[in-house]
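Here, each number is a calculation from the coordinates, and none is a lab measurement. In this text, all values refer to a predicted model and were calculated from it rather than measured experimentally. Cβ placement follows ideal geometry from the backbone for every residue including glycine, while neighbour counts extend to all protein chains displayed.
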Amino acid sequence: MDEIQIASEKEQVGALPGALNSNTESIDLDPSSPCITDGNLAINTPRSRSILDINHILEFAKLEPADFRSQVQCLYFSEQLENDAIKLMELDGPLQDALKSGERIEIRGDPGDGAVVVTGSQTFDVKEAETSNSMLMISSLSYGPDIPNEDDKSIIKRQVSSIVHNYYELRPIKPRLAKLRALLSENPFRGSECEGDELDIGKKYTFSELQQRVQASDAEIKRGLAKMNTCELKGVWRLLDFEYAATVLYHILQLCEERDWLQNGLNMTECLQVLGELFPIEIIKHMVTSHSNENPDTMETDAQKNIYNLCEDKICKHLAELCLKNSGKFNLNDFLRAWQESVPDGMKTNLSQIEGMALVDSDARPPVIWYYSVDLLPEDVGERFEVLFEERKKWSLEDITPYIRDLTDEKTTVNALLTKYARASLTNGIKMFSSRKTN
């Protein structure tokens, strides 16, 4: 049987060296240092735990020495416990595997942020937890097969350097990407001719600088950059000004109509040659790839390389945003007509293309539509629902789903979120969701 020898409270009467006493928090390892005997200070007591003491304790506990291994480890407390020098963190299986495989694990965020831990692909919230047990920190301890079982008994002294009652728990969370958009919005790219003008004053961030400040893993940051209208220019990441991006896409669509690329696919090489004098090559590539699907059936010939098919839904969504972004509430029928007229010939608009970007009030007379983007809503679940119910008192399941879908995960569905944060009721036979808070 493995044994870790710790003095029991009942042993204090015999004043055995190394025993815990209610009047002290530490026991000196040095035999010549003071120890506590029956509550009194005894100087220069040159005793430490002996085999005789061990046998006495086992006898007192009615245990047989033959049932224990021959090596006994006695724990002694350091003269100066450094209880704040060590922080414990509880790791689950995936985090342990990441560490064992040599993957980098970091704590990210600004000083005022709540701490998060990130791996290469996941983000974890860090919460401090307390345990009633005292966790003793020891630099070395033998256990299991490492403890010899010989005829001669021996004692090894182990020093406790810290006593810890708190530790950190890690819980997987959604990446906190709102700061990514905020940082990149400090200095959006408005065109090469605008670089260095009076509005070009905000900071520009490299990917490594974004890593330090955005509370998300590298993979999640890259996905966030891809979802936003961003592009890497001269080593820094820039959020494209919306009006500027619309101008670039307008020229791309004009060229597609001239060259009949809407049907046959956009030739990237030729597109760059024609528009490269107007816009940076990186911007043109970004706008094409972010608004198209690469043709998987393209044959690998010199004439057919770099062929992209523009995505109807993405083009229609962009042009709808262009109509709605600064228009306030728009007559729905007028908008639908203007929207369809703005898209290239052959493309069809549909309200499903702008889910999560615009709201429709069909009960208004006449019905209206206005810009309301999920990308601008709070990341915190509770705050998200508060903002949604400030915008609209009651929501149908169909209307609210696009605005909370990004909050779901494998364990939490849209219905689960609504059950927790909303109140359901029937209005004209339709289930509607309102705030749980009463005014």
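Some points to look at:
- Alpha-carbon Debye profile of region 186-281, log10 I(q)/I(0) at 0.23 Å⁻¹: -1.20
- Evaluated over region 377-435, the Cα radius of gyration and Dmax, each in Å: 10.9, 33
- Computed log₁₀ I(q)/I(0) - Debye formula, equal Cα scatterers, no solvent, region 93-173, q 0.12, 0.14, 0.25 Å⁻¹: -0.60, -0.75, -1.16
- Across region 178-240, the convex hull enclosing all Cα atoms gives 73 Å³ per residue.
- Averaging over all projection directions, the Cα-based convex hull of the chain occupies 36.1 nm² in the image plane.
- For the chain, built as a Gaussian network whose Cα springs stay under 10 Å, the top-fluctuating residue of Leu359, Leu262, Leu141: Leu141
- FRET efficiency for the pair Leu397 and Ile281, taken as 1/(1 + (r/R0)^6) with r the Cβ-Cβ distance and R0 = 51 Å, rounds to 0.70.
- With the highest mean first, a sort of the peptides 266-279, 236-249 on other beta-carbon atoms found within 10 angstrom per residue produces 236-249, 266-279.
- Dipole of region 178-240 [Lys/Arg +1, Asp/Glu -1 at C-beta], most positive-end residue of Gln212, Cys231, Ser192: Gln212
- Compared with the direct C-alpha span, the chain from Lys329 to Lys157 gains 54.2 nm at full extension, assuming 0.36 nm per residue.
- P(r) tail fraction, region 131-184 - alpha-carbon pairs more than 14 Å apart, %: 75 percent
- Lys, Arg +1 and Asp, Glu -1 on Cβ, resulting dipole of the chain about Cα centre, debye, nearest 20: 1320 debye
- Between Ala364 and Ser352, the simple spin-label model (points 7 angstrom out along Cα→Cβ) gives 2.5 nm.
- Among Lys204, Lys100, Lys62: highest mean-square fluctuation, GNM of the chain, C-alpha pairs under 10 Å: Lys62
- Judged by the mean number of other Cβ atoms found within 10 Å, the most tightly packed of the peptides 419-428, 310-319 leads the ranking 310-319, 419-428.
- Think of the chain as a dipole: +1 on every Lys or Arg Cβ, -1 on every Asp or Glu Cβ, centred on the Cα centre; then among Ser352, His286, Leu183, Ser352 lies furthest on the positive end.
- 222 nm mean residue ellipticity, helices alone, for the chain (DSSP H n ≥ 4; -39,500 (n - 2.57); rounded to 500): -8500 deg cm²/dmol
- In this simple spin-label approximation, Thr419 and Gln263 carry label points 7 Å from Cα along the Cα→Cβ vector, and these lie 5.3 nm apart.
- Protection proxy ranking, highest mean first, for peptides 212-223, 123-134: 212-223, 123-134, where packing is the per-residue count of other beta-carbon atoms within 10 Å, averaged.
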